[in-house]
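The values are calculated or read from the model by the stated rules, or taken from the named source; none is laboratory data. Predicted model, so just to flag it, every value in this text is computed and none were measured. As a convention, Cβ positions derive from the backbone with ideal geometry for all residues, glycine included, and neighbour counts pool all protein chains shown.
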Amino acid sequence: MKLIKKLSLLSSFLLTLSSANIVLALGNAPFVTDTHSTNAFHLVHAGKTATLLHHSSADPAVTIALTNLQQDIARVSGAQPLMSTHLNDAAKHVVIAGQIGHNPLIDQLIAEGKLKVNAIAQRWEGYVLQTIDQPTSNVDKALVIAGSDRRGVAYGIYEVSEQIGVSPWYWWADVPVKQRENLYVEGDLHFSDYPEVKYRGIFLNDEAPALTGWATEKFGGYNHQFYEKVFELLTRLKANYLWPAMWNNAFNDDDPLNMVRAHEYGIFMGTSHHEPMMRADKEWNRYGEGPWDYARNPDKLFDFWVEGAKRNKPYDSIYTLGMRGQADTPMSDEQNIGLLEKIVADQREILLDVFSDRDITDVPQVWALYKEVQGYYEDGMRVPDDVTLLWADDNWGNIRRLPTPDERTRSGGAGVYYHFDYVGGPRSYRWTNVTPIAKIWEQMNLADAFDAKKIWIVNVGDLKPQEFPMEFFLRMAWQPSDWPQQRLQEFGRLWAEREFGEQHAEHIEQLISGYTRHNGRRKPELMGPDTYSQLNYREADRISSELTGLVESAEALYAALPKEYQSVFFQLVLHPVKATYQINELYNSVAKNRLYAHQGRANTNDFAQRAKDLFNADAELSEQYHTINDGKWNHLMSQTRIGYTHWNNPPANTMPVTYHYQPHNQPDMGVAAEGQAVAWPNTGELQLPEFSPYGETSHYIDIYNRGTKPFEYSAVAAAPWISLSHTAGEVRTQQRIFVSVDWSQAPAGAFNSHVFIKGTGWGGARVQVKGFLPTEKTRAKVTGFVEHNGYISIEAPNFSKRKGAADANWEKIAGHGRTQGSITVLPVTDNSYSDLKQAPWVEYDIFVFSTGDIELTALFAPSLEITPGKKLRYAVAINENAPQVIELLADSSHRAWQEGVRNGVRSSVSTHNVARPGAHKLRVYAIDPGVTLQKLVLDLGGLKESYLGPPQSHFQ
């Protein structure tokens, strides 16, 4: 256990937030202040700094980190500390940094009992931060940073950097450094930490044209100058693993200093899932002879791999075993287990020979079970126990497989390869951040629970737009237990507070959560004019209103921020919020243009023009990104995102097709009712959605001009209980009338009347107004979620009651899913519940007026079956009826998977019978682990089509 397990973090943060003198670091209790106390360690005091002491033979990872701390202290205070290897050069206050067993002074302090390191003894990458009075006779006080290994020391040093106010993103996102004249460390500090996941890293992928154009312009390519910026960021984020850019690049071959500098920073280098033995795919293009086919060309490939192992022997590396086809394709059309076993055996032979001076089990190796390669494993292929099995997601953030209890005993362990970015079907997505951290948590919590904790690596594409989810992924990898689902919103707030200060942190968290929730519903590349319904539940307008509110809020905050914070705010908040809004509004405008053209509205062309303006605004926003900070980020955020027609991106953003309507030069009335595409005079039957005291308070009628000259209209309600927002006026382009019901005058039961619209043309438009008012006696009994307009819609976290099992219960995951959140059974275990009497359940109170068969659609996260032999099942029942056991992935077709990831949900349907109107109970039982419920929609005969389903029903 850690000596300080982040010391009841929530209460600690709440206590310190009131003090402007405390500098907060993300995730750990703060120990740095600018307020002096008697016992404090003086990092900077009255213009003088502590000396930074390290051993003359310290590892480069230590000296690099300490040099960065030296610069960080200067950035914050204006005073640069002295770095020294000699104690007699030291001031009265000294930072002593070094590796246990490799730094004589630290070993002496341990031997004397002054430095306590038991908490990290034998721990991978652990570190201790401890203040010590009089560590030696000529030093008054020391801040000791001791690591169990070289990376542990570096991480301890960077913990201090972050605590004094230097964000890990100070360079990569231009986060201003918070200025303070004095910096003090708690005088009785004793803090220790170490990671839970051994190898934690990122994959720079899909890097052209954005990252490649930027790296070429700023550094001359993917050379060591570029990678030093990446290495520093990773170590500041306490990561240690990198798969480098590979589409048209070769890390070791492009610049021989790349691997040298990676090792010096403490970064384990690997190659992607399809690049064996530390050889880049492009190296075979440059130096390979013959086909990339081990059946036909084994000798050349063997020698090619030998060179990779020899080249990387001096450096920290993780060797990818196995083989796929070139350019990340399957090795062959048919599975050939024998050939792949031969390949792995030969690769192991190479490693045994090259590393003959080491135990082969000390050479990190990984077999990436990606795409079709997982099939080799499931069909019986095995690798030696010391090789890590790297399970993959489905490229859309849903883990395909995790280790069974028996597999968890393997010495090589298991890991997960995850995606924030992907090139492939059903459609590439690589422009912006589309992954809410709640989604990351829900899936990686499964990996934690099933002990897949040797490697966590995530494809971050171009890196730059993925700052927020990337940091969450790596922070969670460091210590998953630090970030339970209850702290996800707090993570966003603390992240925003570190980058922007306390004042706007909550607001910024809401903006980030808002745009990522929207992109998680439907990735921008998958958006189209038909995504959100223009007709039903005001869905498109609700989404538009939501995003309009976000962008207006973000722009107002941008204007209010000090100038030095506007660049970072633009990069991390305003740009993604505004870009998300503009894409949605572009397609919303195209959809309205097409609908209005069909209806013959004179303002049809206005929406075509608005779509064009938004298309141009999208380009202008990218250009703004490229010009901030004197063009520092030119080329980034330039991935195409508009106009996809199949899985791969178009060569350039492509304006969607819009329709042109030529209105005639006369007044000409048209009338459309909410919920209907057809309009008067093309039809004489218009009808508004049904009214109910448990539904929407109003519905609308649009009176519009089909010509160019204005006309007068009148609207007459045929019943006294119908209220109209307008009864007469002039229409130039459009007039929207809101219709509502005065329930004090409405008759009980089902009722029907109409509104008559008179303007130009023969007769006029009759719009039916229907309603339903239960009797007073019935209304007194109404409880729970109430039927309206033939449906009941329920957000899963809003259950009325729940009952847990002995070891688990349904728990809420705020921010997860497309609407209000999700629920899943936690903690996750291997357990499936065969006896529903023992299973956890949640219950929802509902009230129906209809009887007969009800169709229940349950919307779940698009999770996959993570262990062989287990399904993703749940059970559902209404009242005391026998529960129906539903298999969520009963349709395991590729088409069903594609629909699930496109829509961000997997749906299942069951049919239930309700014999009587009134109050009922809907109960959902857990059966298998990994089932995450988002929404329940009951169709009682009136459900209309929409993307998200109806908004949640009225709850009485």
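Only one entry of 942, 930 meets the criterion of being in contact with a Gly (Cβ under 6 Å, 6 or more places away or on another chain) and either without any contact (Cβ under 8 Å) to a residue 12 or more places away in the chain or part of a loop (DSSP other than H, G, I, E, B) (or both), and that entry is 942. Quick one: would you say residue 453 is under 30 Å from residue 405 (Cα atoms) and either touching a Ser or Thr at 6+ places or on another chain (Cβ under 7 Å) or basic (Lys, Arg) (or both)? Spelling it out, residue 453 is indeed under 30 Å from residue 405 (Cα atoms) and either touching a Ser or Thr at 6+ places or on another chain (Cβ under 7 Å) or basic (Lys, Arg) (or both). Among the candidates 619, 597, 559, the residue that is part of a helix (DSSP H, G or I), out of contact with any Gly (no Cβ under 8 Å at 6 or more places or on another chain), among the hydrophobic types (A, V, I, L, M, F, W, C) and closer than 25 Å to residue 523 by Cα is uniquely 619. Residue 271 satisfies every condition listed in (1) β-branched (Val, Ile, Thr); (2) within 26 Å of residue 360 (Cα to Cα); (3) surrounded by fewer than 23 Cβ atoms within 10 Å (Cβ to Cβ) except (3).
Assessment of the range 332-346 against the conditions (more than 26 Å from residue 393 (Cα to Cα) and either acidic (Asp, Glu) or touching a strand residue (DSSP E or B) at 6+ places or on another chain (Cβ under 8 Å) (or both)) yields at least one matching residue. Just one of (1) buried (at least 17 other Cβ atoms within 10 Å of the Cβ); (2) in contact (Cβ under 8 Å) with a residue 40 or more places away in the chain; (3) assigned by TED's automatic domain parsing to the domain that holds residue 697; (4) part of a strand (DSSP E or B) fails for residue 737. It is (2).
Evaluate the following for residue 466: is it at pLDDT 95 or above, under 25 Å from residue 641 (Cα atoms) and not in a loop (DSSP other than H, G, I, E, B)?
On the way: at pLDDT 95 or above: yes; under 25 Å from residue 641 (Cα atoms): yes; not in a loop (DSSP other than H, G, I, E, B): yes.
Against the criterion (at pLDDT 95 or above, under 25 Å from residue 641 (Cα atoms) and not in a loop (DSSP other than H, G, I, E, B)), residue 466 qualifies.
Go through 432, 361, 404 for me and flag whichever is of a type outside the set (Asp, Glu) and crowded, with 24+ Cβ neighbours inside 10 Å. I'd like the intermediate steps shown before the answer.
Details: 361 fails: crowded, with 24+ Cβ neighbours inside 10 Å; 404 fails: crowded, with 24+ Cβ neighbours inside 10 Å.
One residue alone meets the criteria, 432.
Matching residues to (1) farther than 30 Å from residue 94 by Cα; (2) more than 21 Å from the chain's Cα centre (by Cα); (3) not in a helix (DSSP H, G or I):
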position: 180; (1), (2), (3): no, yes, yes
position: 187; (1), (2), (3): no, yes, yes
position: 203; (1), (2), (3): yes, no, yes
position: 217; (1), (2), (3): yes, yes, no
position: 235; (1), (2), (3): no, yes, no
position: 249; (1), (2), (3): yes, yes, yes
position: 271; (1), (2), (3): yes, yes, yes
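Checked against the criteria, residue 261 does not count as of a type in the set (Lys, Arg), at pLDDT 95 or above, buried (at least 24 other Cβ atoms within 10 Å of the Cβ) and closer than 30 Å to residue 161 by Cα.
A count restricted to the range 322-340 and to residues that are of a type in the set (D, E, K, R) and at pLDDT 80 or above stands at 1. Selection over the range 388-397 of residues that are among the polar types (S, T, N, Q) and crowded, with 23+ Cβ neighbours inside 10 Å gives a count of 1.
So in the range 273-291, with the set limited to residues that are closer than 17 Å to residue 368 by Cβ and assigned to a loop (DSSP other than H, G, I, E, B), which one is farthest from the chain's Cα centre (by Cα)? Here the answer is 279.
In contact (Cβ under 8 Å) with a residue 24 or more places away in the chain and at positive phi: does that describe residue 193? Here the answer is no, as residue 193 does not meet what is asked.
Mind checking whether some residue in the range 421-437 is touching a Phe, Trp or Tyr at 6+ places or on another chain (Cβ under 9 Å), among the charged types (D, E, K, R), assigned by TED's automatic domain parsing to the domain that holds residue 270 and more than 19 Å from residue 898 (Cβ to Cβ)? Lay out the reasoning, then the answer.
In the first step, residues of the range 421-437 are kept if they are touching a Phe, Trp or Tyr at 6+ places or on another chain (Cβ under 9 Å); the result is 421-430, 432-435, 437.
From what is left, the residues that are among the charged types (D, E, K, R) are 421, 427, 430.
Restricting the remaining residues to those that are assigned by TED's automatic domain parsing to the domain that holds residue 270 gives 421, 427, 430.
Checking which are more than 19 Å from residue 898 (Cβ to Cβ) leaves us with none.
No: zero hits.
Looking at the range 199-231, which of its residues are modelled with pLDDT of 95 or more and within 27 Å of residue 447 (Cα to Cα)? Those that are modelled with pLDDT of 95 or more and within 27 Å of residue 447 (Cα to Cα): 199, 200, 201, 202, 203, 204, 230, 231. Being surrounded by 23 or more Cβ atoms within 10 Å (Cβ to Cβ) and not hydroxyl-bearing (Ser, Thr, Tyr) is a description that does not apply to residue 594.
Residues that are under 28 Å from the mean Cα position of the chain (by Cα) number at least 3 in the following strands (runs of 3 or more DSSP E) confined to the range 300-414: 365-369, 388-392.
Within the range 155-214, the residues that satisfy the criterion of being charged (D, E, K, R), under 28 Å from residue 423 (Cα atoms) and in contact with a Leu (Cβ under 9 Å, 6 or more places away or on another chain) are 200, 207. Of all the residues in the range 293-310, those that are under 12 Å from residue 354 (Cβ atoms) and either in contact with a Pro (Cβ under 9 Å, 6 or more places away or on another chain) or at pLDDT below 95 (or both) number 2. Restricting attention to the range 83-98, the residues that are outside any loop (DSSP other than H, G, I, E, B) and either in contact with a strand residue (DSSP E or B) (Cβ under 8 Å, 6 or more places away or on another chain) or acidic (Asp, Glu) (or both) add up to 10.
Cβ separations smaller than 8 Å between residues 6+ apart or across chains give the following pairs from the range 910-927 residues that are within 16 Å of residue 788 (Cα to Cα) and modelled with pLDDT of 95 or more to residues that are among the basic types (Lys, Arg) and not in a strand (DSSP E or B): 918/781; 919/781. Scanning the range 915-945 for residues that are at positive phi and within 26 Å of the chain's Cα centre (by Cα) returns a single hit, 930.
Quick test for you: out of 184, 158, pick the one residue that is assigned by TED's automatic domain parsing to the domain that holds residue 74 and more than 23 Å from residue 47 (Cβ to Cβ). Show your work before the answer.
Details: 184 fails: more than 23 Å from residue 47 (Cβ to Cβ).
Exactly one of 184, 158 is assigned by TED's automatic domain parsing to the domain that holds residue 74 and more than 23 Å from residue 47 (Cβ to Cβ), namely 158.
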